[in-house]
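Q: Provided herewith is a single structure, encoded as structure tokens, for subsequent inquiry.
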Amino acid sequence: MSRLKDMRGFTLVELMITIALLAIVATIAVPNFVQFIRNNQVQAKADELKTFLQYARGQAVTTRKKYEITTGTDWEVKEIQPNASRVVKRKLEFNAAQAQPATNPSSLTLTFTANGMASPTAKITICRDIDFANGYLLEIKPSGVVKMYARGYQDDTTKLTSCAP
């Protein structure tokens, strides 16, 4: 066969090699990308919970009133009124498919006083399923400070060994 000077294109072999290389790259990239998305979902929920706790503490200090956080399926920040009634100020929901919190004690009602102090002290882990290596631990100290440790660590040097705080 003769080729004309103006004919251009790829051969079938060149196209098959390109498709094979793309398939190899996709097989390597997709699992890593899925894990990246899962890690980001857990981190986002841990950051959101930390902000939620800091909001409650900030409101208590700003308004000079007690605020409490109740845990369960929905987490709620409630302002404690002088007549002992509680007004819900903010809610936080968890999608169990993305990240699930675990608290110690398991049924937690956390109170922030007008000076920012917290009682009781608490530890909360955020994990996806039982993947503690990519989970986060948040610790609420008596001073009211909310500390979030690095991913997979229960303090500055010790790694998490489970999703239970």
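The values are calculated or read from the model by the stated rules, or taken from the named source; none is laboratory data. If you're wondering where the values come from, they're calculated on a predicted model, not measured in any experiment. Note that each Cβ is placed from the backbone with ideal geometry, even for glycine, and that neighbours are counted across all protein chains shown. Ligands, DNA and RNA are excluded from the accessible area calculation, which covers all protein heavy atoms including side chains. Shrake-Rupley method; radii C 1.70, N 1.55, O 1.52, S 1.80 Å.
Q: Going through region 67-94 one residue at a time, which ones are within 22 Å of Pro142 (Cα to Cα) and either among the charged types (D, E, K, R) or open to solvent by 80 Å² or more (accessible area, probe 1.4 Å) (or both)?
A: Answer for region 67-94, where residues must be within 22 Å of Pro142 (Cα to Cα) and either among the charged types (D, E, K, R) or open to solvent by 80 Å² or more (accessible area, probe 1.4 Å) (or both): Glu68, Glu76, Lys78, Glu79.
Q: Is it the case that Ala60 is over 16 Å from the mean Cα position of the chain (by Cα) and free of Cβ contacts under 8 Å to residues at least 24 places away in the same chain?
A: Answer is no for this residue.
The rows are residues; the columns are (1) under 13 Å from the mean Cα position of the chain (by Cα); (2) open to solvent by 90 Å² or more (accessible area, probe 1.4 Å).
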{"site": "Ile24", "(1), (2)": "no, yes"}
{"site": "Phe33", "(1), (2)": "no, yes"}
{"site": "Lys45", "(1), (2)": "yes, no"}
{"site": "Lys65", "(1), (2)": "no, no"}
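Q: Could you please find all residues in region 112-134 being open to solvent by 30 Å² or more (accessible area, probe 1.4 Å), of a type outside the set (Gly, Ala, Ser) and over 19 Å from the mean Cα position of the chain (by Cα)?
A: Selection gives Thr113, Asn115, Met117, Pro120, Thr121.
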